[in-house]
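Structure first, commentary second.
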Amino acid sequence: MSPEIFISQIFNGLSLSSILLLVGLGLSITFGIMGVINFAHGEFLMIGAYSAFITQSFFIKYLSADLLGFYFFVALPVSFIIAAFIGFILEKFLIRFLYGRTYETILATWGVSLILQQLARNIFGANNVDVSSPTWLRGGITISEGLQLPYNRLFILAISTICIIGMYCFFYRTAKGRVIRAVMQNRTMSACLGVPTSKVDAFTFALGSGLAGIAGCVVSLLGSIGPSTGQNYIIDAFMVVVLGGVGKIVGTIAGALAIGISSSLFEFITTSSMGKVIVFSLIIVFLQWKPQGMFTLKTRKLD
C-alpha cells in the first residue's frame, strides 16, 4: 500500500468516524441518562437527510440562483430542529411510558423505525433522491499526485469538531449540562433534590435526535439518500457507544475513531464484508477484556 493510498484511507476513515460520532453521541447520552435502547435512532439520521433535501428544493424553487450555494448553512439547523422536534414528540407520547422496560422499548422503537421508513417512502417515494453539494464544496485540496482531500469530507470533519466542542461546553460549562450529568450519575438523588427528571429526559432525547439529524444532513453530501439511509449507520453507531463507554463524550470520540479508521483500512485490504467481520471480531475480543468499554462512567450510587 502506497503512502498516498494509506493517507487517503485514513482520511476516509476520519470522515466516517465523524458521522458515527454525531450519531453515536446522541445514542450515548440518551442511553446513558434514560437507559433507552432506541432502534429508531437511525431514522432521525434519515429525517435530517431529507430535511437537507427539502431545504435544497425550497432554495431552488423560491430563491435566486445566487443564494443556492448557501442552502446548506440553512439545512444544518433545519435538520437539527426537525429531528429534535420529532424526537421530543416520540419521547412525550411513547418512550416515557417504557422506562425500565428494556424489551418493550426495543420492540416499540423498532416498530417506530419501520413506520418512519414507510412514511418516508409514501412522502418521497421508494427511490433514493440526491442532494447536490454546494459549488464551494466540490473538488478538493491536492496534496500530491494521486492524493486529494475532498472539500465535502473536510467540511464533515469541521462540522463534527464544532458539534463536539459545543456538546463539551454545554455539558461541562452550563447549568443545564450539569443537571443532565447529575441525572445521569444518580437519577434518584437528583429527583430528591428537585430536578425535574421527566423534563431532562425529554430534552435529552430531543438533543440526541437533533444530533442524528445533523449527521443525516452531512451524510447527504456523500451520496443519494433514501428511506433506509439510517440503517446503514445505526449498527456501527451502537458499536461506537458500546466500545467507547456509555455516557462519556471522550469514549464516543475514541470509539468512533477506532471503528471508522479500522473499518476503512480493513475493507480496503480485504473486502467490504470481511472488513466488517474483522472489526466486529476485534470489538468482541476487546469487550471480553473491558466489558464497560474504553471509558467507564463514574456514578454516585452503590451498585
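Here are some notes:
- Among VAL285, VAL129, VAL74, residue whose mean-square fluctuation peaks in a GNM of the chain (springs only between Cα atoms under 10 Å): VAL285
- GNM top mover of MET184, MET274, MET34 - the chain, alpha-carbon springs below 10 Å: MET274
- TRP289-CYS192 FRET efficiency (beta carbon distance; Förster radius 25 Å; 0.05 resolution): 0.10
- Cα gyration tensor shape of segment 1-110, rounded if a/c is under 1.5, else prolate or oblate by comparing a/b with b/c: oblate
- For the peptides 88-97, 200-209, the ranking by packing is 200-209, 88-97, with the highest mean count of neighbouring Cβ atoms within 10 Å listed first.
- GLY140 long-range amide H proximity, modeled H, under 5 Å: TYR151
- Most mobile listed residue (ILE29, ILE235, ILE37) in the chain, GNM with C-alpha springs under 10 Å: ILE235
- Helix-derived mean residue ellipticity, 222 nm - over the chain, DSSP H n ≥ 4, -39500 (n - 2.57), to 500: -24500 deg cm²/dmol
- Loop-resident trypsin sites (Lys or Arg not before Pro) (DSSP state other than H, G, I, E or B) in segment 121-170 with no more than 14 further Cβ atoms inside 10 Å of their Cβ: ARG138.
- Unit charges on C-beta of K, R, D, E only; dipole of the chain, Debye: 1100 debye
- The chain - Debye-derived log10 I(q)/I(0), Cα point model, q = 0.13, 0.14, 0.15, 0.16 Å⁻¹: -0.95, -1.09, -1.23, -1.37
Each reported figure results from applying straightforward, stated rules to the coordinates on display, with no laboratory input. Note that this is a predicted model, so its numbers are computed, not measured. For neighbour counting, all protein chains shown are included, and Cβ atoms are generated from backbone atoms with ideal geometry for every residue, glycine included.
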